[in-house]
Every structure is written in structure tokens, then in C-alpha cells.
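See below for the structure under consideration.
Nothing in this text is a laboratory measurement; each read-out follows from the coordinates by a stated rule. Keep in mind it's a predicted model, so treat the numbers as computed, not measured. With ideal geometry, Cβ positions are generated from the backbone for all residues, glycine too; neighbour counts draw on all protein chains shown.
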Amino acid sequence: MTRILIKTTILFFILINLALSEQVKVFEFTENEFKNLKVRKVKKNTTYTLGSNDNGNYIKAEAKGVGSGLGKEVQINLDKTPFINISWKVEKDLKGIDEKSKKGHDYAARVFVVKKTGLTALSNKAINYVFSSNYPVNEFWRSPYTKSSIDYVLSTTQENLNEWVTVKANVKEHFKKLHDLDVDTLNGIAIMTDTDQTDIKAISYYQNIFFSSE
């Protein structure tokens, strides 16, 4: 009887903590939202299509020799909700490329978080959370194209290929660690699947992208 009471009490506090945890959803992945997302094209458009499963709406991305992202301007209070949460899957990865180089700087799935630090886009600071095809989780490096963006591996197909994975990262801490920047508010977020450098086909999925207090 005592064990049952203890288990019930623990479950109660877990549910309370979940209820008290503040969340800010970024993407709905609905038809209406899809029409209004900003397209950032690098080389022709990645094919993005909407779908759904038991966990809600998702967006499927397919790319071969192309690269474009979908994003929106948002105001995320990192003092209240510093954690980004992402559910994603890579069905077809980019094994064997050098993602740290200009010629191999492609990702089957990535999520950008952006902080405006000046008047032009070139002055912005970004963290590029990636689903790497070749490097382990928590490895990071500066983008070969700009010093203002850091690539950070949150998932890898070395461990999870064609499987849904849910990950979490403390964006506020990462901006301090990677850019030496104290950030209270984010200004933008985008998803991107691109193979414009390597011309290899990639297929990936994005779902349930939100910020949380814990």
C-alpha cells in the first residue's frame, strides 16, 4: 500500500511540473501557416510537403542538388523559455560528406535560431542545430561560410536513421558558450534541408518544434 502511495505521489508531482512548464510553439505545420512562411532560397527550392501522424502535423522535406529554408520572425523570451525542443527524422541521409567544409556543407535536416545584432542580415548571430549524417551528438564548429553561424549536432544518423528522434537544447546557454553573447530574446527561426553542394538526395521530417521553460 505504501509503495502505491509513493508511486502515485511521484506521478502527481511529475504531472504538476509538466503543467507548470511554459511552452511556446513555433510551427503549426498547417496549410495556412505553410503559405505564409518565408522562403530563403540558396539554390532552387527544396520540396516541402505537409503530413500528419499520431503525434500531430509534420513537414516532409526532399532535396537533391537544391537548398531552401522555411522560416518566420518570432520573439522568443529566452529568460522564460530557453529550451528548444525538436522532433525530427532523417529517412535518407548524406553519408560520407565533409559537413565542416564548403563543398560538403549540406544537412538532411537543420533548424536555425537567429538573434539580430545589427541593422543587416550579415550582422545576425545564428546557431544551426543539425541532424548530422557523419558526426556525433554535441560536436560543433563554425560555418565555413560565415563566422556568425555555429553548426551544432543535436542528432546523428550514426545512431538514428529513419527513426523519429526528440531532442532538447538550452539556446540561451549555447549563445553564451558559442558566441559569447548574452541573449534574452530570439528574433527568428527556420528549418532547412539542403544538398546544393553535394547533389545527393536527402529526405527528412520536422515536427513539434517549440520552446519550453524546462
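Points to keep in mind about this one:
- Extension gain, Thr185-Arg40: 0.36 nm per intervening residue step, less the Cα-Cα distance, totals 50.0 nm.
- Degrees separating the helix 2-20 axis from the principal Cα axis of the chain, which is the longest one: 50 degrees
- 3J(HN,Hα) along region 111-116: 10, 8, 10, 10, 10, 6 Hz, from the Karplus curve 6.51 cos²θ - 1.76 cosθ + 1.60 with θ = phi - 60°, whole Hz, x for Gly and Pro.
- Label assignment, volume of the Cα convex hull per residue in Å³ derived from the structure, set [x] 129; [y] 170; [z] 139: [z]
- Label separation (Thr30 vs Glu139): 4.1 nm, computed from points 7 Å beyond Cα along the C-beta direction.
- Region 24-212 - share of DSSP beta bridges that are antiparallel (%, nearest 5): 90 percent
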